[in-house]
Amino acid sequence: MWAFWEKHNEDKYMQVVECLRSEIHQRGLWKKDLALVDLDEIESVQSLDKVVEETLRVTPTIPGAIRVAIKTFELGVSNYQ
């Protein structure tokens with residue numbers, strides 16, 4: 001998923017990509033074999049959660065998923081509900 005996000009949005013979100021790369025480098029995970037990385041090390045990368053959440057928001061896992069409001073509300077002056 002990370003590789004997809006990086007390639008797809010690198011131009012638009014270069015600052016975010018650099019921040020995440022820097023944090024991964026600082027924690028010594030960049031060159032580490034993925035089979036040796038444990039969950040605690042992954043969770044220690046604080047900006048990774050934000051990147052994953054934004055990726056799932058922009059490209060949902062279920063194409064065409066429709067979100068429904070829990071409560072009816074009016075939007076703007078046009079009384080759009």
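Table for the structure above
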{"read-out": "Region 45-57 residues that are farther than 17 Å from Trp30 by Cα and assigned to a helix (DSSP H, G or I), paired with ones that are modelled with pLDDT under 85 and of a type in the set (S, T, N, Q) (beta carbon under 9 Å, 6 or more apart)", "value": "Glu54/Asn9; Thr55/Asn9"}
{"read-out": "Total residues in region 18-73, condition in contact with a helix residue (DSSP H, G or I) (Cβ under 9 Å, 6 or more places away or on another chain) and aliphatic (A, V, I, L, M)", "value": "9"}
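The values are calculated or read from the model by the stated rules, or taken from the named source; none is laboratory data. Bear in mind that the values here come from a model prediction, so they are computed numbers and not experimental data. Note that we place each Cβ from the backbone using ideal geometry, even for glycine, and neighbour counts take in every protein chain shown.
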